[in-house]
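The values are calculated or read from the model by the stated rules, or taken from the named source; none is laboratory data. This one's a predicted model, so the numbers in the text were calculated from it and none came from an experiment. When we count neighbours, we look across all protein chains shown, and the Cβ atoms used for this are built from the backbone with ideal geometry, even at glycine.
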Amino acid sequence: MNPTASAAISAAHRVRFASLATPLVPTKTVRLTADSAAADPVAAKRAEILRYYHQTSELYDRLFALIRNDASYYERHEPLRHPLIFYFAHPAVFFVNKLIAGRFISDRLDAKLEAMMAVGVDEMSWDDLNTAHYDWPSVAAVRDYRALVRENVDAFIQSMPLELPIRQDSPAWIILMGIEHERIHLETSSVIMRLMPLDDLRQGGELSAEERQLWSICKRSGPVPANDWLPVASQTVRLGKSADDQTFGWDNEYGVEEVVLADFRAARQLVSNGEFLAFVEDGGYDREEWWTEEGRGWLHYTRAEHPRFWLRRGTETAAAFWQRNLLNEMPLPLDWPVEVNCLEAQAYCAWLASRTGENVQLPTEAHWYALRQTLPPAISADQPDWRRAPGNINLEHGASSMPVDAYPQGDFYDVIGNVWQWTRTPIMPLKGFEVHPLYDDFSAPTFDGRHNLIKGGSWISTGNETLTSARYAFRRHFFQHAGFRTIIETPGSEAVTDGSRLYETDQLVTQYLEFHFGPEALGVPNFPRACVEAVIRHVPQGRRGKCFDIGCSVGRSAFEFARFFSHVDAVDFSARFIQSGVRLQQGNDVIYEVPTEGELTISRTISLDRLGLEQVGSRVLFMQGDACNLKPLYAGYDLVFAGNLIDRLYDPALFLEGIAARILPGGLLVITSPYTWLEEYTPKAKWIGGRREHGEPLSTLAGLQQTLEPRFALLHREDVPFVIRETARKHQHSLAEMTVWRRD
């Protein structure tokens, strides 16, 4: 690389930046609705989107223009992230890839670059980034590509169909998605730059007056301010973004959830460097009792001794620590917020709890909302309505943190801004969550219980990141411009983190979820519902008390039977299966993926209210059990339904011989099965049909009659078709025989 050439490129960019007409401070988030004062609302909105796109692109260029030499673009300054050359190109590539995916454009600009720069990193552990060689493009090539994308996106914005309000299927939504995506990477790239050698970044006299204003670092610091806990009254907090909200949102923001909070106390300020220093000096990184199991694993791997942005110099005293900011190093500012990962924040809370005897915790997402609701009217408005940011956010007050007592917001400080605030809430979908079809991997892969939410924004958070509804989550060992606030709860009244809507990834479970709850395929009605509709015709009104759904799988037939019966016992051998039914019963959404072709998938979200079954869910009791070894409590039934079960039992005759005692006289036994006998499920000697007996063929129906008579009389039989989806274009079409037997 030629440092002289790269310096010349940077100088050229400084000239161009100095002539910009757009303001240095980021513009406000674009509303989706029309400006009623505009003579032509659509034209005004189109112009607003174009300005927002230009301002975003130019701000991103300004950040990367801080890099002094091209060689730095190719260093992995953060071992868990790609080199910065990836992040320089990635946001521009995003626009092209999403517009092509949505069929809004058809031509690629650079197929190779758009493939290489398409997918970033969500590290699954602290040591698993693929370090395979990448044939990275030159900085100049990426810069030219960004300019080409801008030219094409400009033309697209000016010609795209536009109706107001902007909805999620609008091409304008994809443009806003690309803009907000670039603003996310503005922040995450600045985190990586804090890990670069200072000599690789332009500073001081190398910056223009405009750049010095934009990237100015706070110089104020002082002693550690007192940080007491203030009471917050019990309340019900409503989470989520409504579908008609006037600002862009990522898929995980939409939906609704209400959380009832007991009284709690919250720290007036974010935890400061000075407060965290006491933890460090007390051996906080050496004493594992303060750390979670996950935290201990991270400690052993990284051998961390202090926060990532602290630098140890000289002696073991407080003066030995300095702090690295974006463009400078300074003696550790004791009254600035500490910046740590979630594991470090959790360890600090455990340490402080042991010292104070209080139940010190990280807040949940709901606790942060409760603090947000304490803000006085003058500063409680959300970002689009700010005349000036109410705290250190939106790059309006410089390019670094500042003292934790610099921005009072009601009784608290920094509810909004300064640094992001870790919560103890793993991100989960809100009720009503739906994946956006053109960005299906933005949120859903993080619904794994391992990504915790951060709230409140930092000094460089702009656009969607500054909204109250914003929900961003990172692995607990991940570093961001993030710190934390502590709260105290009464033991036993802790807000429970709802982990019941984990994103379902078990392949077999997802196949059954699709079979039970997915859309109809090939014109064949939903099998569990069709079975119930066929069965109920044979059940008199006076015999609809108790139903037993044995082999209930993920629960659709049990819920459908509950429409007609007072109570349904739903039993399956697999706890994995009935867990899905329990989640639905509790009012939660269940999210899963199904394959479409190759490695491509689509996401589904199901809930009882979407199926019109929310009123009957309480009539079902899910339990784990063995059909061939049932407990005595399963008795007194008007109907026993064994759906596609008998050819999957290890001893079907044993099940059939014992079932009569569990059915009331005159009650019904209903069996469905495609009679697919396989030795991997049932030893051939125990097949009740589908084999030869004494040299003669024995059908399963004949075997059922041999086993069930004389205690049961065959009342009815019919074929019920079903379809199992394998991919978008491959399905298994089968026929199950349904037999209805009446107990004498």
Original post:
Can we say Asp35 is at pLDDT 85 or above and charged (D, E, K, R)?
Top reply: no
Subject >> Only one of Arg308, Arg220, Arg202 that is out of contact with any Pro (no Cβ under 7 Å at 6 or more places or on another chain), more than 27 Å from Leu453 (Cα to Cα) and of a type in the set (D, E, K, R) >> reply: Arg202
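From Leu600, Leu639, Leu584, grab the single residue that is without any contact (Cβ under 8 Å) to a residue 12 or more places away in the chain and in the same structural domain as Gly518 (by TED's automatic domain parsing). First the steps, then the outcome.
Values: Leu639 fails: without any contact (Cβ under 8 Å) to a residue 12 or more places away in the chain; Leu584 fails: without any contact (Cβ under 8 Å) to a residue 12 or more places away in the chain.
Answer to the check: Leu600.
Could you please find all residues in the stretch 157-172 being assigned to a helix (DSSP H, G or I) and surrounded by fewer than 18 Cβ atoms within 10 Å (Cβ to Cβ)?
First, pick out the residues of the stretch 157-172 that are assigned to a helix (DSSP H, G or I): 157-159, 171-172.
Answer for the stretch 157-172, where residues must be assigned to a helix (DSSP H, G or I) and surrounded by fewer than 18 Cβ atoms within 10 Å (Cβ to Cβ): Gln158, Ser159.
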Original post:
Of everything in the stretch 560-578 that's touching a strand residue (DSSP E or B) at 6+ places or on another chain (Cβ under 6 Å) and aromatic (Phe, Trp, Tyr), which residue is surrounded by the most Cβ atoms within 10 Å (Cβ to Cβ)?
Top reply: Phe561
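Just to be sure before I move on: is Arg46 outside any loop (DSSP other than H, G, I, E, B), among the charged types (D, E, K, R), modelled with pLDDT of 95 or more and under 30 Å from Ser208 (Cβ atoms) in the structure I sent?
Criteria not met by Arg46.
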Subject >> Within the stretch 283-347, strands (runs of 3 or more DSSP E) holding 1 or more residues that are closer than 20 Å to Trp420 by Cβ and in contact (Cβ under 8 Å) with a residue 40 or more places away in the chain >> reply: 321-324
Original post:
Out of Leu375, Leu343, Leu334, Leu362, which single residue is over 27 Å from the mean Cα position of the chain (by Cα) and crowded, with 20+ Cβ neighbours inside 10 Å?
Top reply: Leu334
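Wholly within the stretch 644-744, which strands (runs of 3 or more DSSP E) include no fewer than the required count, namely at least 2 residues that are among the charged types (D, E, K, R) and surrounded by 15 or more Cβ atoms within 10 Å (Cβ to Cβ)?
Those strands (runs of 3 or more DSSP E) span 730-743.
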Original post:
Can you tell me which of His694, His716, His731 is over 27 Å from Thr510 (Cβ atoms) and at pLDDT below 95?
Top reply: His694
Subject >> Residue list for the stretch 348-370, restricted to those being part of a helix (DSSP H, G or I) and touching a Lys or Arg at 6+ places or on another chain (Cβ under 7 Å) >> reply: Glu365, Trp368
